[in-house]
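S.K.: Can you keep this structure in mind? I'll have questions shortly.
The values are calculated or read from the model by the stated rules, or taken from the named source; none is laboratory data. Note that the structure is a prediction, hence the values are computed from the model and not measured. Reconstructed Cβ throughout: ideal geometry from the backbone, glycine too, with neighbour counts over all protein chains shown.
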Amino acid sequence: MREPSPFWVVKCPDCSTEQTVFSRPATVVNCGVCGATLATPTGGRAKLRGELVRTLAA
Ligand SMILES: [Zn+2]
């Protein structure tokens with residue numbers, strides 16, 4: 001199965017900052033502004049806490 005969009009733009013649920021995150025992170029991804037958790041690793045695709053705004057091509 002293809003993975004055409006390895007990066008996601010996620011909106012922070014706490015401060016509405018949009019941040020690019022890797023779709024399969026190895027560690028928890030935090031908001032660069034307020035430090036809220038945006039994505040947690042699952043071994044595959046990240047579990048997002050923030051809203052997925054759009055995806056980015058590689
Ligand atoms: Zn934030």
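S.K.: Which residue is surrounded by the most Cβ atoms within 10 Å (Cβ to Cβ), if the candidates are limited to the stretch 47-58 and must be assigned to a loop (DSSP other than H, G, I, E, B) and within 16 Å of the ligand (Cβ to nearest atom)? First the steps, then the outcome.
M.R.: Applying the first criterion (assigned to a loop (DSSP other than H, G, I, E, B)) to the stretch 47-58 yields 49-50, 57-58.
If we keep only those that are within 16 Å of the ligand (Cβ to nearest atom) as well, we get 49-50.
Details: Arg49: 17, Gly50: 24.
Ranking the qualifying residues of the stretch 47-58, first place goes to Gly50.
S.K.: Further question on the same structure: For the stretch 17-45, name all the residues that are within 16 Å of the ligand (Cβ to nearest atom) and of a type in the set (Gly, Ala, Ser).
M.R.: Taking the stretch 17-45 and keeping what is within 16 Å of the ligand (Cβ to nearest atom), we get 17-21, 28-40.
Of everything in the stretch 17-45, those that are within 16 Å of the ligand (Cβ to nearest atom) and of a type in the set (Gly, Ala, Ser) turn out to be Gly32, Gly35, Ala36, Ala39.
S.K.: What residue, among those in the stretch 8-29 that are of a type in the set (Gly, Ala, Ser) and either modelled with pLDDT under 95 or within 15 Å of Arg45 (Cβ to Cβ) (or both), is surrounded by the fewest Cβ atoms within 10 Å (Cβ to Cβ)? Write out each step before concluding.
M.R.: First, pick out the residues of the stretch 8-29 that are of a type in the set (Gly, Ala, Ser): 16, 23, 26.
When the remaining residues are screened for being either modelled with pLDDT under 95 or within 15 Å of Arg45 (Cβ to Cβ) (or both), the result is 23, 26.
Details: Ser23: 18, Ala26: 9.
The selected residue is Ala26.
S.K.: Could you tell me how many of the residues in the stretch 20-38 are part of a strand (DSSP E or B) and either within 11 Å of Val9 (Cα to Cα) or of a type in the set (Phe, Trp, Tyr) (or both)? Explain how you work it out, then say what you get.
M.R.: Going through the stretch 20-38, the residues part of a strand (DSSP E or B) turn out to be 20-22, 29-30, 37-38.
Filter again for either within 11 Å of Val9 (Cα to Cα) or of a type in the set (Phe, Trp, Tyr) (or both), leaving 20-22, 38.
Final tally of qualifying residues: 4.
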